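The values are calculated or read from the model by the stated rules, or taken from the named source; none is laboratory data. Computed from a predicted model, the values in this text were never measured in an experiment. Using ideal geometry, Cβ is built from the backbone for each residue, glycine included, and neighbour counts are taken over all protein chains shown. All accessible areas refer to the heavy atoms of the entire protein, side chains included, with ligands and DNA or RNA removed. Shrake-Rupley method; radii C 1.70, N 1.55, O 1.52, S 1.80 Å.
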Amino acid sequence: KAGVTQTPRYLIKTRGQQVTLSCSPISGHRSVSWYQQTPGQGLQFLFEYFSETQRNKGNFPGRFSGRQFSNSRSEMNVSTLELGDSALYLCASSLDTSTEKLFFGSGTQLSVL
Amino acid sequence: QKEVEQDPGPLSVPEGAIVSLNCTYSNSAFQYFMWYRQYSRKGPELLMYTYSSGNKEDGRFTAQVDKSSKYISLFIRDSQPSDSATYLCAMSANSGGSNYKLTFGKGTLLTVNP
């Protein structure tokens, strides 16, 4: 069974640009969560989607947004990039919303110059 | 005070040693406790999952939860060089059917030397 797939693996952008990251969950998984990982703050929850609906959102500015499609694939978008947005963005999938057992992808490493 | 505190290490041990990793937390609503292992340039991988207080064993790994002290531990017996990774504790306050937001510790970097 294929794991969680995130694309691209690496991304370099400049301040002010926007970026879209993609996540394909494990087949059959319907819940997708996004996390930001930095050396200073560790892993921080961004948002969670289930059945194309955002069910929970972390404490991030509105520049961070996401969506989920009918096939459970998800995208997250960051607009007006800032230097502090440089991080590893991790997507995790789970079967549904009744479990805390998350399966993570390898992440997208975003560098903002 | 951060919700979850974890000593970042680094921790370096010889092969075969017993490793003890710990986290403390402040939110008494946390009911679900997990340990993830993260290799360099990879996403976290779920190692152990525990509900409420008690012990859980899986091979060389033992997870302990003491809710009265708000303290969780992961023990690794007979540690191997392949155990070298960052270990992250994670917790959740939600019950079935609700939204899930895991709160993570910052991770402990472990190196097992051959």
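Looking at this structure, is B:Phe75 in a loop (DSSP other than H, G, I, E, B) and of a type in the set (A, V, I, L, M, F, W, C)? When the stated conditions are applied, B:Phe75 does not pass them. Answer yes if at least one residue in segment B:42-49 is in contact (Cβ under 8 Å) with a residue 40 or more places away in the chain and away from chain A (no Cβ under 14 Å), and no otherwise. For segment B:42-49, residues in contact (Cβ under 8 Å) with a residue 40 or more places away in the chain and away from chain A (no Cβ under 14 Å): absent.
Taking the residues in segment A:72-94 that are open to solvent by 50 Å² or more (accessible area, probe 1.4 Å) and either closer than 26 Å to B:Tyr36 by Cβ or at pLDDT below 95 (or both) as candidates, determine which candidate is nearest to the chain's Cα centre (by Cα). Give the steps one after another, and end with the answer.
We begin by selecting, within segment A:72-94, every residue open to solvent by 50 Å² or more (accessible area, probe 1.4 Å); these are A:73, A:80, A:82-84.
Subset that is either closer than 26 Å to B:Tyr36 by Cβ or at pLDDT below 95 (or both): A:73, A:84.
Numbers: A:Arg73: 11, A:Gly84: 16 Å.
Within segment A:72-94, the match that is nearest to the chain's Cα centre (by Cα) is A:Arg73.
Going by the conditions given, is B:Ala63 open to solvent by less than 70 Å² (accessible area, probe 1.4 Å), more than 23 Å from B:Val112 (Cβ to Cβ) and either of a type in the set (Gly, Ala, Ser) or touching a helix residue (DSSP H, G or I) at 6+ places or on another chain (Cβ under 9 Å) (or both)?
Judged against the criteria, B:Ala63 is not a match.
The number of residues in segment A:96-113 being among the aliphatic types (A, V, I, L, M), surrounded by 15 or more Cβ atoms within 10 Å (Cβ to Cβ) and either under 16 Å from B:Thr103 (Cα atoms) or more than 13 Å from the chain's Cα centre (by Cα) (or both) comes to 2.
Can you tell me which residues in segment A:42-55 are open to solvent by 20 Å² or more (accessible area, probe 1.4 Å) and within 21 Å of A:Ala87 (Cα to Cα)?
Result: A:Gln44, single match.
Go through the residues of segment A:6-29 one by one and say whether even a single one is among the charged types (D, E, K, R) and either more than 14 Å from chain B (Cβ to nearest Cβ) or free of Cβ contacts under 8 Å to residues at least 40 places away in the same chain (or both). Yes: segment A:6-29 contains one or more residues that are among the charged types (D, E, K, R) and either more than 14 Å from chain B (Cβ to nearest Cβ) or free of Cβ contacts under 8 Å to residues at least 40 places away in the same chain (or both). Annotation: of all residues in segment B:15-40 being within 14 Å of chain A (Cβ to nearest Cβ) and within 14 Å of B:Leu109 (Cβ to Cβ), the one that is least open to solvent (accessible area, probe 1.4 Å) is B:Tyr36.
Here the strands (runs of 3 or more DSSP E) wholly within segment A:51-113 that include at least 1 residues being more than 14 Å from every other protein chain (Cβ to nearest Cβ) are A:64-68, A:74-78, A:108-112.
Give segment A:74-113 a look and list any residue that's of a type in the set (Ser, Thr, Tyr) and without any contact (Cβ under 8 Å) to a residue 40 or more places away in the chain, or say none.
Within segment A:74-113, A:Ser98, A:Thr99 meet the criteria.
Before we move on, is B:Tyr87 touching a residue at least 40 places away in the same chain (Cβ under 8 Å), within 14 Å of another protein chain (Cβ to nearest Cβ) and either within 22 Å of A:Leu90 (Cβ to Cβ) or open to solvent by less than 30 Å² (accessible area, probe 1.4 Å) (or both)? Yes: the conditions hold for B:Tyr87.
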